[in-house]
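Only one structure is covered here, and it is reproduced in the block below.
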Amino acid sequence: MPTTGAVTTDRLACTLMALLVAVATVHSGESAGLVDLGDGALHLWMNDAGFFLSAAVLVLRTPEGTARPPRLLLAASMVLWAAGNVTYDALSAGEAEVPVPSAADAVWFAFYVPAFAGVALLARRGFSRTSLGTRLDAVLAGAVVLALAADVVIEPVMAASEQLALATYLTGVAYPVLDVALLALAASGLALRGWQLQRGLVVVVLAVLAFYAGDSLFLVRTAAGTWTEQGVDHALYLWSAVGFAALAWLRVTVAEPREDSRRTVVAPVLLGLLGLGVLVVEALDAADPRTILLAAIAIVAVLLRAAAAVVEHHRLLRQARHEALTDALTGLGNRRRLLAELETAFASGRPHALVFLDLDGFKTYNDTYGHQAGDVLLQRIGQALVHAAGRDGTVHRSGGDEFFVLVDGADDVQARAELLAGAAVQRGDGFLITATFGWASLPAEACEPDQALHVADERMYRRKTSGRVTAGRQSTDVLVALLEEHSPGTAEHAASVAQLADATARELGLPEPVREEVRRVAALHDVGKLAMPSEVLDKPGALDDDDWAVMRTHTVVGERVLLSAPALSHTAKAVRSSHERWDGTGYPDGLVGEDIPIAARVCAVCDAYDAMVSERCYGDVLTPGGALAELRRCSGTQFDPAVVDAFTRVLTDRERAVLVAR
């Protein structure tokens with residue numbers, strides 16, 4: 001909720017903006033002959049006030065962040081331009097003619113420094129993500145603007161200033177050159193966005209264009225001796241200030257340019273034709289018109305041919321992208337598209353639901369009636385799911401007989417999943433196809449695509465195996481029993497680590513499916529030690545380098561063992577990573593930070609604590625306080641700091657509960 005100070009500042013900025021618009025409108029009215037401002041003093045006062053108001057709006061309304069520096073630079077440029085006007089007014093107050101160059105020219109030239117810097121900062125945002133073609137478009141845009149402006153403005157000013165003293169001549173020519181360069185820079189910034197008409201950048205380009213038009217009119221009319229105080233250039237200056245001030249309410253986004261947009265073809269071709277037109281007009285005065293026109297026709301043909309090639313390339317690119325994201329059999333999105341849509345869903349911040357449907361009985365149907373009939377049935381189920389999903393759901397087939405539905409919104413997810421499962425039911429003579437479903441509420445139960453898929457898969461698997469002990473549980477119990485036979489005391493250690501890990505996972509706020517995986521990883525993290533020699537496992541004292549070389553293979557061995565049981569495939573990866581370190585110096589893969597699975601990070605802390613406080617053959621026993629101090633010492637290097645903090649809270653709560661019980 002905004003503070004009182006923020007509200008006051010915003011109201012003041014709105015008031016100044018309204019005053020600036022009013023000033024610009026009055027000037028426009030006089031330029032059109034609708035009002036009469038009287039003597040020149042009022043003109044000058046209103047111009048200066050307009051630029052100062054624009055600067056005030058940009059300073060007051062611009063928030064903190066990366067957008068602040070360019071807007072403050074533009075505010076500084078507005079102040080400098082108005083200061084130049086004030087300086088000129090002071091110099092012209094006497095009867096003597098103001099020399100050129102003067103102190104006012106120095107201040108006006110200073111205007112261009114922050115103006116160029118501010119526009120450049122806005123133009124270059126996201127520059128590193130643009131392609132070579134987009135950067136060449138920016139060069140083309142700047143070149144064409146320079147060519148056009150040089151012909152329309154710079155040449156007349158230069159021609160009218162030829163008889164002046166060198167210093168006066170250079171000063172007069174410098175203004176149109178700098179104006180043109182500023183406009184070219186703004187046009188190049190638009191090209192760098194792939195010609196996407198994003199409001200903030202378009203307003204900047206229009207503001208620079210208005211300033212350029214006003215200054216050009218002033219310079220050309222001054223050179224020709226036709227300038228008056230009631231000219232339209234006053235209004236254009238002020239509308240430029242309005243444009244820059246409006247930037248305080250608009251965002252200049254940094255979305256990646258779309259290389260397949262039609263604008264990326266049309267805009268360069270139009271710029272090329274415009275540049276060609278300037279060349280033809282200039283050349284017609286000095287060469288045979290027929291030769292120039294024939295050459296122009298040839299260049300136009302080359303431009304159109306290049307445009308046709310780019311259009312065809314874009315068509316093929318869109319087709320390839322569509323095929324890469326589409327399931328060829330059903331026409332639904334495939335797993336790749338699902339992952340992309342999940343990324344978009346997480347980025348939106350809105351609640352979503354992911355429903356996973358696994359068909360029951362399809363394999364029997366496929367074996368009985370043949371693959372062709374099975375394909376037709378999958379297509380029919382896919383269309384039924386699309387109809388049931390409605391406008392706020394997208395259906396994907398990830399292969400085989402598995403479908404996913406991503407729903408925008410998370411109201412009564414289980415009821416929605418049951419509806420979709422009902423839509424997938426297919427009956428016929430001698431067959432019945434049903435669907436078992438699981439779901440994940442986003443972002444409540446998952447914060448990344450892989451985690452969302454895992455939560456939905458775990459929930460589906462539990463529903464499919466409800467009423468009996470799961471295959472994962474059976475496999476886990478067998479492996480723990482085998483470990484105990486191989487190394488007595490392992491089962492007790494695994495149970496202790498699993499209990500601590502479950503409490504830590506709950507303290508971290510992890511959803512139940514993830515907590516279940518944490519418990520399983522904690523119970524099986526030492527399964528690879530089944531392949532370790534007893535003389536290494538039971539060796540008293542510290543292990544030597546050869547012993548450690550053997551021991552460090554146990555996580556990879558554990559992964560291979562668990563991958564042989566499909567129900568434990570999700571657990572295998574975390575077991576492999578159970579001895580990785582937060583700073584990347586662990587084994588076997590040197591993973592860093594959050595690249596390490598969360599179950600492995602939790603297991604690492606709990607396993608280390610239990611090892612330090614237990615009677616183990618290869619280390620001294622520490623008190624709980626000493627073990628906790630060691631965990632804190634290694635927080636941020638060996639262990640995830642967030643997991644260590646949660647584990648600390650778990651132990652603190654346990655100690656408090658023991659004291660209360662006494």
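The values are calculated or read from the model by the stated rules, or taken from the named source; none is laboratory data. From a predicted model like this one, the values you see are computed outputs, not experimental measurements. When we count neighbours, we look across all protein chains shown, and the Cβ atoms used for this are built from the backbone with ideal geometry, even at glycine. With ligands, DNA and RNA removed, areas are computed over all heavy atoms of the protein, side chains included. Shrake-Rupley method; radii C 1.70, N 1.55, O 1.52, S 1.80 Å.
Within segment 323-364, if we keep just the residues that are within 16 Å of A389 (Cβ to Cβ) and under 16 Å from the mean Cα position of the chain (by Cα), the residue that is most open to solvent (accessible area, probe 1.4 Å) turns out to be E341.
Select from segment 561-575 the residues that are in contact (Cβ under 8 Å) with a residue 24 or more places away in the chain and either in a helix (DSSP H, G or I) or of a type in the set (S, T, Y) (or both) and list them in ascending order. Spell out how you get there, then give the answer.
We begin by selecting, within segment 561-575, every residue in contact (Cβ under 8 Å) with a residue 24 or more places away in the chain; these are 561-562, 565-568, 570-571, 573-575.
Once the filter is applied, which keeps residues that are in contact (Cβ under 8 Å) with a residue 24 or more places away in the chain and either in a helix (DSSP H, G or I) or of a type in the set (S, T, Y) (or both), segment 561-575 yields V561, L562, P566, A567, L568, H570, T571, K573, A574, V575.
Taking segment 372-410 on its own, how many of its residues are part of a loop (DSSP other than H, G, I, E, B) and free of Cβ contacts under 8 Å to residues at least 40 places away in the same chain? Residues flagged as part of a loop (DSSP other than H, G, I, E, B) and free of Cβ contacts under 8 Å to residues at least 40 places away in the same chain within segment 372-410 amount to 4. Criterion applied to L201, L219, L197 was being closer than 28 Å to G50 by Cα, modelled with pLDDT under 75, in contact with a helix residue (DSSP H, G or I) (Cβ under 9 Å, 6 or more places away or on another chain) and not in a helix (DSSP H, G or I), and the one residue passing it is L197. Annotation for segment 361-381: no member residue is in contact with a Ser or Thr (Cβ under 6 Å, 6 or more places away or on another chain) and under 28 Å from D411 (Cβ atoms). Residue pairs whose Cβ atoms lie under 7 Å apart, sitting 6 or more positions apart in sequence or on different chains, and linking a residue in segment 620-642 that is farther than 9 Å from W582 by Cα to a partner that is surrounded by fewer than 12 Cβ atoms within 10 Å (Cβ to Cβ), are V621/E615.
Given the criterion modelled with pLDDT under 70, among the small types (G, A, S) and over 21 Å from E418 (Cα atoms), identify the matching residue among A295, A320. Please lay out each step first, then the result.
Values: A320 fails: modelled with pLDDT under 70.
Unique residue meeting the criteria: A295.
Taking the listed residues L359, L338, L354, the one that is touching a His at 6+ places or on another chain (Cβ under 6 Å), modelled with pLDDT of 85 or more, under 21 Å from H396 (Cβ atoms) and of a type outside the set (F, W, Y) is L338, with no other qualifying. Applying the condition of being free of Cβ contacts under 8 Å to residues at least 24 places away in the same chain and part of a loop (DSSP other than H, G, I, E, B) to segment 586-601 and asking which residue is surrounded by the fewest Cβ atoms within 10 Å (Cβ to Cβ) yields G590.
Residues that are small (G, A, S) and open to solvent by less than 50 Å² (accessible area, probe 1.4 Å) were ranked within segment 95-118; the one that is farthest from V79 (Cα to Cα) is S102. The residues of segment 627-648 that are surrounded by fewer than 19 Cβ atoms within 10 Å (Cβ to Cβ) and touching an Asp or Glu at 6+ places or on another chain (Cβ under 6 Å) amount to a single one, T637.
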